[in-house]
Amino acid sequence: MGTYWQLLKLGIFCLIALMNASAKESAFIEDIDLTSRLLAGISVPEEKDIILTENWKKHEQLMTKAWSRYKKSNLRPMRSWSEKKISDSNRSEFIRYPFSGPDILHALYMFPEAKNFILCGLEPVGNFPKSDILRGGDSNQALEEIRKILEESLRFSFFKTKDMRAELSKSFYNGTLPIMCLFLSGSGFTIKEINPIELNKDGTISELNDTQSSIDAVRIRAVHENGREVRVNYFQTNISNGLILKSGFLKYLESIPKGKSYVKAASYLMHKSYFSQIRNHLLSSSTTIIQDDSGIPMRHFNQSSWQMKYFGTYTKPIELFQDHYQPNLRDIYKQESQRLPFGTGYSWRKGQSNLIVAEQLKKGKAPRATLVARKVIPKKENVTTINKSRTKSLDLSLRLIAKSVITKEYMTDKNNAFILNEYVIVRDNEGNQDVSGQKIRVARTGLFKGKKMPEHSIGSIFSVKLDPLSNYPSLMEWPIKNDLPNSKDHIIYVPSQS
């Protein structure tokens, strides 16, 4: 009987200890959440000893103004653009965001359905944001530091790494963790969990129990007011060649499912040979890459494997990175680009920024047509122009955007055949600009006497004169290889003179 009571007492003691630990942990997270909201300029009515001070009232006023302006000019247009221009996301997929620093803010709006985010940078995780600083004599300085750190992010859409590292290391709310929590709170999220984690050399992750010691990685779980739950993993790590392997970070990235990747204001590091390992990983493990010109250079994208879409404006990099100018990208942007309704990256002003959306094509699937900006034409005039162009020969400059594929089996079965390719009209060489930007399908010689004829590569631009295929009855008997997506446009042209 005595043993029974001893076991019962031990069980009760353990239960009480667990309840106390749980209550302590809950209070710890609640304090971080309310501190994050206060730093974001969001009032917490129950914290009257903070929100009634003149220091915080000033902070609230300035932060409210900054949030309102930036959400209107950048964040909401970014979310709307993303919903229209980026294919639907698997809600559970992982978003890789290298060179991010603490910038979870733009990732949340760029991927409004995603749940898992992988961020990394050279900046330290820092300390857990607690409210005691806001209750003491250093409150005013702490709030001023926060506003100074956020100023460039909410103005330029990126952090200056060197400046930020210095500012974060000496501020009261030091490190990336307070900034990430602030961004989550300012975006309508409640902080639910924060766990220190450790990256092992084999790429696995271990959770740490000590919240007081210096840490190199952290995991945040937060829930939006609309029910959306997100998990953010941040790693302080160097991802240059060799070090990304030594730390285990590359193995970790390779262990998670393929997903979308986001790159902006990345100091053109992946233009350099000593960042080839992270570059190659993104190319092999991304379903879609959304980047500005500071990301992966165009020469590394295999045109037969990626569908490229170009948004905004590209002229040249800012002076600091002028050595990384891409003439071929400039040529592409001269010919085809779509509007970008917000500013981003180093050329941060609206109308001067660029974004590239690269979607990896499924194996064996012909590249889809690239959408391009076109001149706005009244509806009646547009129809007239198209009808007119189909009744006569055309002299056009074209850019190849999709082509059918001739297999060995098809070559064995056929003798003479056309392949159906899709082009975007760069310009009308006769001076009729009304058709520029429109798509057109052309049957070009694919097989002649059983031999495969040479073909332009995706992206090539050339001039050609075209006639409707129906003008040549003798060629109508040739088979046409067409594995392009279905199109309502049934008129097919053939080159009449190249």
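Bear in mind these aren't lab numbers, they're just calculated from the coordinates by the rules spelled out. Not measured: the values here are computed from a predicted model. When we count neighbours, we look across all protein chains shown, and the Cβ atoms used for this are built from the backbone with ideal geometry, even at glycine.
Please arrange Thr407, Thr313, Thr176 by how many other C-beta atoms lie within 10 Å of their C-beta, fewest to most. Can you show the working numbers first?
Details: Thr407 11, Thr313 16, Thr176 25.
Lowest count first: Thr407, Thr313, Thr176.
Which cross-chain or sequence-distant (5 or more) residues have an amide H under 5 Å from the amide H of His224, H modelled 1.01 Å from N in plane?
Those qualifying (amide H under 5 Å, at least 5 residues apart or on another chain) are Thr190, Glu229, Val230.
How would you rank Met180, Met308, going from fewest to most other Cβ atoms within 10 Å of each one's own Cβ? Walk me through the numbers before you get to the answer.
Details: Met180 29, Met308 19.
Ascending Cβ contact count within 10 Å gives the list Met308, Met180.
Compute the relative contact order of segment 22-360 as a whole-number percentage, counting only Cα pairs closer than 8 Å that sit 6 or more residues apart in sequence.
Values: 632 pairs, mean separation 57.1, N = 339.
17 percent.
Would you mind checking which residues have amide H under 5 Å from Glu193's amide H? H placed 1.01 Å from N; only 5 or more apart, or other chain.
Close amide H contacts, sequence-distant or interchain: Arg221.
Highest mean first, what order results for 94-107, 466-479 on Cβ atoms within 10 Å?
In descending order of packing, they fall as 94-107, 466-479.
What is the sum of charges, Lys and Arg at +1 and Asp and Glu at -1, for the other residues whose Cβ falls under 14 Å from the Cβ of Lys452? Provide the component values of the computation, followed by the final result.
Numbers: positive: Lys403, Lys408, Lys414, Arg444, Lys449, Lys451, Lys481; negative: Glu409, Asp413, Glu455.
Net local charge, Lys452 excluded: +4.
Just add up the charged neighbours of Ile290: K/R +1, D/E -1, any other residue whose Cβ is under 11 Å from the Cβ of Ile290.
On the way: positive: Lys85, Arg96, Lys260, Lys264, Lys309; negative: Asp292, Glu359.
Charge balance near Ile290 sits at +3.
Assuming a viscosity of 1.306 mPa s and a temperature of 10 °C, what translational diffusion coefficient in µm² per second does Stokes-Einstein assign to segment 22-360, Rh being the Kirkwood radius over Cα pairs? Write down the numbers at each step before the final one.
Working: Rh = 20.6 Å.
Translational diffusion coefficient: 77 µm²/s.
For a footprinting-style exposure proxy, rank Leu250, Leu119 by other Cβ within 10 Å, fewest first.
Leu250, Leu119
Based on alpha-carbon centroids, what's the gap between segment 418-493 and segment 187-224 in Å, whole number please?
55 Å
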